[in-house]
Amino acid sequence: MNFETIAAQAAHQIDAATGAVAPPIYLSTTFERDADGEYSRGFVYSRSDNPNRRALEQCLAMLEGSAVAAAFGSGSAATAAVFQALAPGDHVIAPDDCYHGTSRMLREVFAPWGLETSFVNMTDVDSVSKAMQPNTRLIWVETPSNPLLKITDITRMAGIAHSAGARCACDNTWASPMLQRPFELGADLVVHSTTKYLSGHEDVTGGAVVSREDSEIFQRVRLIQNLCGAVPSPFDCWLALRGIRTLPARMPYHSANAGRLARFLQDNPKVSAVHYPGLPEHPGHDIAARQMSDFGGMLSFQVAGGRDAAMDVAARVRLFVRATSLGGTQSLIEHRASIEGPDSPTPDDLLRVSVGLENADDLIADLAQALG
Ligand SMILES: *Cc1c(COP(=O)(O)O)cnc(C)c1O
């Protein structure tokens, strides 16, 4: 089945009891046991499994072209489950430019727990090979990266991992399974913040670990999901599935809008740099063109005049909303360094933009007046 068909039907079977076309929401926390002590209908307790969560997990696995998925209450909970599935004393290689919450989690939660991490510039393949250690168990990839839109070659990262008996996990949040297919490029695990493009409407927090196969590491993720319990509510699963239904209609529009904004910004004298992999000048453009079917709705740019000038632009926008997060229908703009805090590696003249589904001319006019 093709991607659009999977998404539009969101792995939904018509409700047998009522004929309902939209799926019912199963709020029940517990499920009836058979007289003989079995659970023939397959559900016991909602932390362990729930019909809405199972439908979301099946749909996510189908969308990524894989075997299995485990849904979590946030992208961060999904990320944590992957690291928890490793053992103290293991070593992870992660990008030096990755989602700030992921790098903080590795430094502030998993380092004290015993996980060792090397943060490297993954656009330099040799530096990844050099960072490999006998105890390296995982290469964590995030591409395009946050917030500099660096592009990492997934095939080469998976190759380095596999030649050492390690795994490769890819945070595919920014591209979505529509634009980037990490399993076809060799990744073993895919992680999503479903809060972003998959849900797509800025109204649900969620995450998932998707696995190429029902492997040992995935079985540990499943165990952690059940025993540690960072699970999404039935309504959150329902909302995520509702968003997924329109993913194939949204992603090309996000990408087209972002491409137009990137070209506008590139020509503006008040802008000193634009980071968007769809621009031929972007250092990762060739790899992105190979491993993505389009370049997505995220970009960042640097404002000539430094931090204050960047803050002024963010203060003057009218259509863009000054807010964190991404992937929804409304365009958001964010001064990233100040939200990441004093140890942030992000340039302080940088604004990150999540390009929404508004008319591109309106967005360009708003940025033009804000840049002055
Ligand atoms: C938002 C985000 C996360 C974290 O997801 P939450 O749902 O906010 O916990 C992880 N990775 C990337 C790339 C993100 O954009």
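The values are calculated or read from the model by the stated rules, or taken from the named source; none is laboratory data. Remember, it's a predicted structure, so these values are computed and weren't measured experimentally. All Cβ positions, even for glycine, are placed from backbone atoms using ideal geometry, and neighbour counts span all protein chains on display. We work out accessible area using only protein heavy atoms, side chains counted, and drop any ligands, DNA or RNA first. Shrake-Rupley method; radii C 1.70, N 1.55, O 1.52, S 1.80 Å.
Once you have a ≥ b ≥ c as the square roots of the Cα gyration tensor eigenvalues for region 232-372, tell me rounded if a/c is under 1.5, and otherwise prolate or oblate according to whether a/b is larger than b/c. If you can, show how the numbers build up before the last one.
Values: a/c = 1.58, a/b = 1.34, b/c = 1.18.
Taking the square roots of the gyration eigenvalues as a ≥ b ≥ c, region 232-372 is prolate.
Quote the accessible area belonging to E4 in square angstrom, nearest 10, computed with a 1.4 Å probe and with ligands, DNA and RNA left uncounted.
Looks like 90 Å² after rounding.
Please identify, among V82, V209, V271, the residue showing maximal mean-square fluctuation in a Gaussian network model of the chain using a 10 angstrom Cα cutoff.
V271
For R104 and S325, what is the calculated FRET efficiency with R₀ set at 25 Å and r taken between the beta-carbons, to the nearest 0.05?
Working: r = 17 Å, r/R0 = 0.66.
It comes to 0.90.
Taking θ as phi - 60°, what are the ³J(HN,Hα) couplings along region 291-302 by the Karplus curve (6.51, -1.76, 1.60), each to the nearest whole Hz, with x for Gly and Pro?
Values, residue by residue: 9, 10, 8, 7, 9, x, x, 9, 8, 9, 8, 10 Hz.
Most mobile of P177, P134, P51 per a Gaussian network model of the chain (Cα springs, under 10 Å)?
Of the options given, P134 has the highest mean-square fluctuation.
In square nanometres and to one decimal, what's the mean projected area of the convex hull around the Cα atoms of region 165-285? Show your work: numbers first, answer last.
On the way: hull surface 39.9 nm².
The Cα convex hull of region 165-285, projected and averaged over all directions, gives 10.0 nm².
For R54, tell me the accessible area in Å² from a 1.4 Å probe, rounded to the nearest 10.
Near enough 80 Å² of accessible area.
Whole number please: convex hull volume per residue, Cα atoms of the chain, in Å³.
Details: hull volume 52.3 nm³, N = 372.
Spelled out: Cα convex hull of the chain, divided by residues, is 141 Å³.
Ranked by accessible surface with a 1.4 Å probe, highest first, in what order do R307, R322, R250 come? The partial results should precede the final answer.
Values: R307 100, R322 145, R250 10 Å².
Heavy-atom accessible area, descending, gives R322, R307, R250.
Mind listing the long-range amide H neighbours of L299? Cut-off is under 5 Å, sequence gap 5 or more, other chains count too, H placed in the peptide plane at 1.01 Å from N.
V353, V355
Once every Cα of region 150-225 carries one equal point scatterer and solvent is ignored, give the base-10 log of I(q)/I(0) from the Debye formula at q = 0.14, 0.22, 0.23 Å⁻¹, two decimals.
Relative scattering, expressed as log10 I(q)/I(0), comes to -0.48, -1.03, -1.09.
Which residue fluctuates most in the GNM of the chain (Cα springs below 10 Å): F235, F43, F183?
F43
Please report, as a whole percent, how much of the solvent-accessible surface of the chain comes from carbon and sulfur atoms (probe radius 1.4 Å). Don't jump to the answer; show the numbers that get you there.
Details: 8000 of 15490 Å².
Ligands and nucleic acids excluded, carbon and sulfur give 52 percent.
Only four residue types carry charge here, +1 at the Cβ of Lys and Arg and -1 at the Cβ of Asp and Glu. Report the dipole size of the chain about the Cα centre in Debye, rounded to the nearest 20. Could you put the intermediate results ahead of the total?
On the way: 30 positive and 42 negative charges, 33 e Å.
Dipole magnitude for the chain comes out near 160 debye.
Ignoring ligands, DNA and RNA, what accessible area per residue does the chain give at 1.4 Å, in Å²? Intermediate values should be presented prior to the final figure.
Details: 15490 Å² over 372 residues.
Here the per-residue accessible area is 42 Å².
On a full-extension model of 0.36 nm per residue, what is the gain between Q369 and E216, subtracting their alpha-carbon distance, rounded to one decimal in nm? Intermediate results must be reported in sequence, preceding the final value.
Working: separation 153, 0.36 × 153 = 55.08 nm, distance 5.42 nm.
So the extension gain works out to 49.7 nm.
Quick one: P(r) of region 1-151 from all Cα-Cα pairs, 5 Å bins, percents rounded to integers, in order of increasing distance.
All Cα pairs, binned at 5 Å, distribute as 2, 8, 13, 14, 14, 14, 11, 10, 7, 5, 2, 1, 0 percent.
So what's the Cα pair-distance distribution over region 216-259, bin width 5 Å, in %?
5, 18, 13, 13, 15, 14, 12, 8, 2
Once amide H atoms are placed 1.01 Å from N in the peptide plane, what residues at a sequence separation of 5 or more from T136, or on another chain, have their amide H within under 5 Å of its amide H?
The list, which skips near neighbours in sequence, is H91.
Calculated FRET efficiency, C228 and S272, Cβ-Cβ r, R0 45 Å, to nearest 0.05? Write down the numbers at each step before the final one.
Details: r = 45 Å, r/R0 = 1.00.
Taking R0 as 45 Å, the efficiency between C228 and S272 is 0.50.
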